[in-house]
Every structure is written in structure tokens, then in C-alpha cells.
Amino acid sequence: MPVNLSPLDEYPIHQAPLPLTWPTTSDRNFYDRSYFNVLDREGRFMALTGVGYYPRLGVKDAYFVIRRGDMQTALHLSDAIDDDRFHQNVNGYRLEVIEPLQQLHLTLAQTEGISADLTWRGLFPAALEKPHEMLTERRVTLQACRFAQVGSWEGWIDVDGERLEVSHDTSVASRDRSWGIRPVGEAEPTGRPDASFAGMWWLYLPLAFDDYQLFLILQEDSGGHRSLYDCTRRWRDGRIEQLDGVRATIDYRTGTRIPRGAHVEFMNRAGDRIQLDVESKLFAPIAFGSGYGGDSSWAHGSWKGGPFAERVSFDLTDPEVMARAPFSLIDHVGKAVCTEADGTVREGAGLFEHGVIGPHHPSGFSDWTDAAARAPLQ
């Protein structure tokens, strides 16, 4: 079977004795994907979007999710994969790299009533995150490399003729590029049931302040053991400051697992205590249309028979719809206040992503259906 070359093979950037479009692993779950959010600082609307390539499945796809008012609307696009990764596109969805790691141009031609033209600008340099791995008793379920960046957008989003203006002053955003192995495509036969996943608690805060960007990643199992932890403050002058001793208190809406906000305490290497308070201005469950875990409407990498587009909507006032929200992560427009030990206060904003999937005993959730009666201490 022939292996195709791509324009990238002209460049001395190979890391294995293979063309660049040919992954070194034969795992069907290899993926290469971008994620973006568009966060209106006042919480009037938010959007989640991304494009992904799945070489072992022969598929490329994209999604565009918009939360306005009580409705969350998703556009799904899919097609057969191609070998020109310089020009990322899925039907009318296009992502152009203007200046690597700094400026991007995302356009969506009018499809099912939705279109967009947005230019990304990084506010700080992109940061490589720690490797992320999750294992079951029989296989690797997640093994990914990822970099992240905070920034802002300029442009517009149009939904059924309603133009949502986006500017660098009114928006804040985060993005990430990740590649590796994670479940994609149609569901695989399970064989003997694997009961090794017993719950996950997750907190991800990529935040932008005037002088620095702050990244906090926490993942815990049902007993509170941290399997992933990273907390750094990256200053505009180039300093990278490791922050330790992180303790997070999540303030949940009564009767739900949806947070109103978070209170985080940590300290720098000098031992000075720092406090971070994050308020949710608007939220969007990522399993409602974006294709991530728990999404019943869409799965990344699924073959749709060729060029494909569909639009789905979710009424966030419908109790049956919202009953599925605890089984996914939830993205929020986050308003942040950071207070230093000397009393200095800085205001910022960015993504507030949180989820409690299954039991998490430190938070008081003993099974898959518990809801918060009060704000538990993490």
C-alpha cells in the first residue's frame, strides 16, 4: 500500500523514518487536534471550536459550539482526511497559521445558518504543558503532548443573521494544540468489561492578567489522588514561576455539580501565600455538541461517508438536557482576582474548566449521581 507524501516532507523536521502524515503508532486512536474558545468578558456569549485529524481513521473534522442565552448550538463538519496539513480545512471551516505560535485566522463559511471570521492574537508565548497520560488495566487511553496559550480574538460570529462582534478588548481566550492517543471514532468492542475508571475530578485554569499568564491543571481520582498537577505563572518579562501547595475550593450551585466559582490558594517558592478567586460569568458543557467525552450527539473522528455538516441545539433550561451535564467537563467564562501576600490585587480573565465525573470523596460526592448540598472543601 503506498504512503503519500505531503508538502511538510520537504522540510528537515522529521522525527521518525516515516513521512510526516504517517504516525509512528498504529493505534487507531492517534489524533492531532486544536481547541479554541471565544470568551466574551461580560459573559454575553461564548464559543468553543476546534479542528482535528485522525490519520488511522482516515477522517478530519471540526466543530463550532455557541452558547447564547439559554441555548447552546453546535455545528459539526466532517470529511475524508487529506495529506496537506499546511492548509487545515474541513468543508467551509478553515484555520490558517499567519505567524506560528502567535497569530491565526479562523473562518467558517455560512453553513446551517452559522458563519465566522476571527483572528487570534496570543497575549503571551505558548507554553508546553506536562505530558498527560491515563491508563486502564489493559491499554493506554490517553497519552498526549499539548501546548497552551492565552490570547484574544478580533472579528465576528454570525448565527441566523445575528452578528456577534468580537474584539481584542472585549474578548479573552485560551487555546491548545495536542496530539497523541485518546479515544476517537466509533466505539470499539470492549471485550471483558474494564471497571478501572472510577471517577475523575478536573480543574483547568488558563488565565490572562496584565503582567502574566497563569496555568493551573489538576486531575484527581475518586479518592483525591492527583494524577496530573502543574501550576505556573509566566511573567511578561520571561520569568517562569512554579507555584506549590495548591488547595482548591469549588463553590457549586446547590443541587448540581455546576460551579459558580472557585477559590484557590497556593504559594510561591519564597513561601508567600497567594489567593485566586474565579467567578463564572457563563458556562457551556463541552459534551453538548463539541464531541468530547460524554457527548451523545457527536464523536471526534467518526466517519460520516464524505463531506458532512449538521446543526444541533440544546435547551439549557430543559432538565432532561441538563441531567447529562455532570458526565462531562464544563467550560466557563472566568473572571479572576489574584491577591498577593502583600495585598496587591490583580484582575484577569480566561477559561475556567471544571468537572466532577463520578465519585470524588474529598468533595463529598460518593457516587455518580450525588449533587452538591453546599460548597465542599477540596
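A few comments on the model shown:
- I98 vs. criteria touching a residue at least 12 places away in the same chain (Cβ under 8 Å) and touching a His at 6+ places or on another chain (Cβ under 7 Å): yes
- Pairs, first farther than 23 Å from E42 by Cα and touching a residue at least 60 places away in the same chain (Cβ under 8 Å) in the range 321-341, second open to solvent by 30 Å² or more (accessible area, probe 1.4 Å) and part of a strand (DSSP E or B), C-beta under 7 Å, six or more apart: A341/R273
Every residue, every condition in (1) without any contact (Cβ under 8 Å) to a residue 12 or more places away in the chain; (2) touching a Lys or Arg at 6+ places or on another chain (Cβ under 7 Å), yes or no:
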site: T190; (1), (2): yes, no
site: G199; (1), (2): no, no
site: W202; (1), (2): no, no
site: G224; (1), (2): no, no
site: D230; (1), (2): no, yes
site: R236; (1), (2): no, no
site: Q242; (1), (2): no, yes
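- Number of residues in the range 154-167 that are exposed (fewer than 15 other Cβ atoms within 10 Å of the Cβ) and closer than 30 Å to L216 by Cβ equals 1.
- Of the residues making up the range 324-375, those that are at positive phi and open to solvent by less than 10 Å² (accessible area, probe 1.4 Å) are G350, G358.
- Comparison of R247, R233, R239 shows that the only residue that is in contact with a strand residue (DSSP E or B) (Cβ under 7 Å, 6 or more places away or on another chain) and surrounded by fewer than 17 Cβ atoms within 10 Å (Cβ to Cβ) is R247.
- Complete set of residues in the range 207-230 that are surrounded by 17 or more Cβ atoms within 10 Å (Cβ to Cβ), out of contact with any Phe, Trp or Tyr (no Cβ under 9 Å at 6 or more places or on another chain) and not in a strand (DSSP E or B): F209
- Of all residues in the range 136-162, those that are under 22 Å from L108 (Cα atoms) and in a loop (DSSP other than H, G, I, E, B) total 2.
- Pick from the range 217-228, criterion modelled with pLDDT of 90 or more and in contact with an Asp or Glu (Cβ under 9 Å, 6 or more places away or on another chain), ranking: farthest from V150 (Cα to Cα): R226
- G151 vs. criteria open to solvent by 40 Å² or more (accessible area, probe 1.4 Å) and modelled with pLDDT of 95 or more: no
- Taking first residues from the range 68-79 that are over 15 Å from V333 (Cβ atoms) and basic (K, R) and partners that are open to solvent by less than 10 Å² (accessible area, probe 1.4 Å) and part of a strand (DSSP E or B), no Cβ contact under 9 Å between residues at least 6 apart in sequence or on separate chains turns up.
- Residue ID - nearest to I250 (Cα to Cα), chosen from residues in the range 304-339 that are over 24 Å from the mean Cα position of the chain (by Cα) and modelled with pLDDT of 95 or more: T339
- Residue in the range 194-203 that is in a strand (DSSP E or B), farther than 20 Å from V65 by Cβ and in contact with a helix residue (DSSP H, G or I) (Cβ under 7 Å, 6 or more places away or on another chain) present: yes
- One residue stands out among those in the range 163-188 that are free of Cβ contacts under 8 Å to residues at least 40 places away in the same chain and not in a loop (DSSP other than H, G, I, E, B): the one that is nearest to the chain's Cα centre (by Cα), which is E165.
The values are calculated or read from the model by the stated rules, or taken from the named source; none is laboratory data. The shown structure was predicted, so the numbers you read here are calculated from the model rather than taken from an experiment. Positions of Cβ are backbone-derived with ideal geometry, glycine not excepted, and every protein chain shown enters the neighbour counts. Surface accessibility is based on the protein's heavy atoms, side chains included, excluding ligands, DNA and RNA. Shrake-Rupley method; radii C 1.70, N 1.55, O 1.52, S 1.80 Å.
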